[in-house]
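The values are calculated or read from the model by the stated rules, or taken from the named source; none is laboratory data. These figures come from a predicted structure and were not determined experimentally. As a convention, Cβ positions derive from the backbone with ideal geometry for all residues, glycine included, and neighbour counts pool all protein chains shown.
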Amino acid sequence: MIETHELSKKFGSNVVLDKVSFSVPESQRLVIIGRSGTGKSVLLKHLIGLMEPDSGEVKVDGEKITGLEERELLRVRSKFGMLFQSAALFDSLSVAENVGFVLQREGKLSAAEQKEKISEALEMVELAGTEEKKPSELSGGMRKRVGLARAIIYRPEIIVYDEPTTGLDPIVSDSIDKLILRVNEQLKATTIVVTHDMRTVKTVAQRVMMLKKGHIYVDTTPDELFSSQDPVVHQFVNGIADAKNIEFEP
Amino acid sequence: MVNRAGLESWVSGLGRLTLLLMEIGKSLFTQKFNWDGFMQQMHFIGVKSQSVVLITGAFTGMVLCAQTYFQFHKVHMDSATLAVVSVSMCSELGPVLTALMVAGRVGAAMAAELGTMKVTEQIDALRTLATHPVDYLVVPRLLATLVAMPLLTIEAVAIGIGSGYVLGVGLLGMDAAYSWAFVVKYTDVNEIYTGIIKATIFGLCIALIGCYKGLNCEGGAEGVGKSTTEAVVYSSITVLMSNFFLTLLLNRIFP
């Protein structure tokens, strides 16, 4: 269970989060949407303790993580798996070394057991046989899958996805969405996805939260979101640009 | 004139650098050591820096020998030339020039690599994988630099004196036996200690500044470039300035 209470964050004079409060029960699939710059990724980074709020707090399984020291946060973060927008694979390591990074650091399993776990994780994301490749040899979709394999290999309780389908073609995007669903079903992990992609909302979400100007504008189910008559929601869901705000270069 | 914002930024930077140093200390005594990372860095910093350090040492030794000889020859002190080369290389030129070369090669690489990891979210990825960046990235680099710097300095000094000897005796006609006898007579063991202590402290400065600049890199490619440049400039200046104070201090300790 993750809870935020009146979470606020600003960069300079720009208020990115303004007293945001919500909670995510165990195993729920929450999708956070909103226009660029509305604070979605910033919110996600607060949930995992990568950013410190100006005020307010975040609780993970009842434990307040706001204000914890970095080394204490490492313990809390072992409950989380995160897929970054850019996948954030370690360039200098192979796919197998990336995926098995946590296992190697922990050193609890033998080399053979680690190898087996890595193969299992790669099979789960349908990338078996890519162990020896370097991240630079992979396509965007493959990199995201490797990033996901790295995030799920230690079976985290909570998995957060930062724009998992951005920059991918529709077919790869769909496969990533289905993968998110499959991982959620198999690991029973709480899933939080930040995205602009309405197809991801349709496929993945049990609950949708829309951010606008640092506030939660809508917190609803996907069905209600897609049938909403609210002009802001309707405009975003259908991707309609406001004609009077479009500027053309002469 | 230094403006207020610049001064505040400098002081807060110094504070963050101290916090990084404290975190390194904490990591060294409480965390499992990353041997693989240390060995990789030893190879990169120690083994791969040898060619540049040896070339620097050799040509510095030869030019110092030639210049000293040209002056000493006028007063018929040819055989004292190599002793000057030896003392200068051991306590000053060896550690300083090695440090400058390592700052250019290794300090820049550390800032660029860690900076790129920072702007591509790889540092954040490390943190989400319950790994402290200081444990995994900074400590192996710092320790490898601390071990490699004295060894590289000894190599540079040895090749510098050796090159000076070859030039002086082989080309300039200095007497081999007297030259060597003066080297042994005037090169005190304290000169060697001084050089090794300086090299170790310079290594600490280079690795600390390189890692600090990388971890605090902001922005994209431009930010990485800025951090890399600053790492080289600041560590070079730190080496040159601290060399002055270390010379005064070590002269007191090893009179």
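Per-structure values
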| quantity | calculated |
| --- | --- |
| Qualifying position, being surrounded by fewer than 19 Cβ atoms within 10 Å (Cβ to Cβ), part of a helix (DSSP H, G or I), at pLDDT 90 or above and more than 14 Å from chain B (Cβ to nearest Cβ), among A:Ser136, A:Ser119 | A:Ser119 |
| Index of the failed condition, B:Gly94 passing every other in (1) within 19 Å of the chain's Cα centre (by Cα); (2) away from chain A (no Cβ under 14 Å); (3) farther than 14 Å from B:Ile159 by Cα | (3) |
| Residue among B:Thr18, B:Thr56 that is buried (at least 18 other Cβ atoms within 10 Å of the Cβ) and either under 26 Å from B:Leu146 (Cα atoms) or touching a His at 6+ places or on another chain (Cβ under 9 Å) (or both) | B:Thr56 |
| The range A:28-56: number of residues that are at pLDDT 90 or above, among the charged types (D, E, K, R) and crowded, with 16+ Cβ neighbours inside 10 Å | 2 |
| Any hit, the range B:107-114, residues being closer than 30 Å to B:Val87 by Cβ and more than 10 Å from chain A (Cβ to nearest Cβ) | yes |
| Lone qualifier among B:Phe29, B:Phe72 - being touching a Ser or Thr at 6+ places or on another chain (Cβ under 7 Å), over 24 Å from B:Val189 (Cα atoms) and part of a helix (DSSP H, G or I) | B:Phe72 |
| Residue, farthest from the other protein chains (Cβ to nearest Cβ), within the range A:145-173, restricted to residues that are part of a helix (DSSP H, G or I) and under 19 Å from A:Ser119 (Cβ atoms) | A:Arg145 |
| Of the criteria (1) free of Cβ contacts under 8 Å to residues at least 40 places away in the same chain; (2) more than 24 Å from A:Gly81 (Cα to Cα), which one A:Arg155 fails | (2) |
| Conditions (1) modelled with pLDDT of 95 or more; (2) of a type in the set (A, V, I, L, M, F, W, C); (3) within 16 Å of B:Gly203 (Cβ to Cβ); number of the one not met by B:Leu28 | (1) |
| Enumeration of residues in the range B:122-180 that are at pLDDT below 90 and within 14 Å of chain A (Cβ to nearest Cβ) | B:Ala130 |
| Given (1) over 12 Å from the mean Cα position of the chain (by Cα); (2) without any contact (Cβ under 8 Å) to a residue 60 or more places away in the chain; (3) in a helix (DSSP H, G or I), number of the condition B:Ala130 does not satisfy | (3) |
| Those residues of the range B:213-255 which are more than 14 Å from B:Ala108 (Cα to Cα) and among the acidic types (Asp, Glu), in sequence order | B:Glu218, B:Glu222 |
| Within the range A:2-102, strands (runs of 3 or more DSSP E) holding 2 or more residues that are in contact with a Pro (Cβ under 7 Å, 6 or more places away or on another chain), within 14 Å of another protein chain (Cβ to nearest Cβ) and within 18 Å of A:Gly214 (Cβ to Cβ) | none |
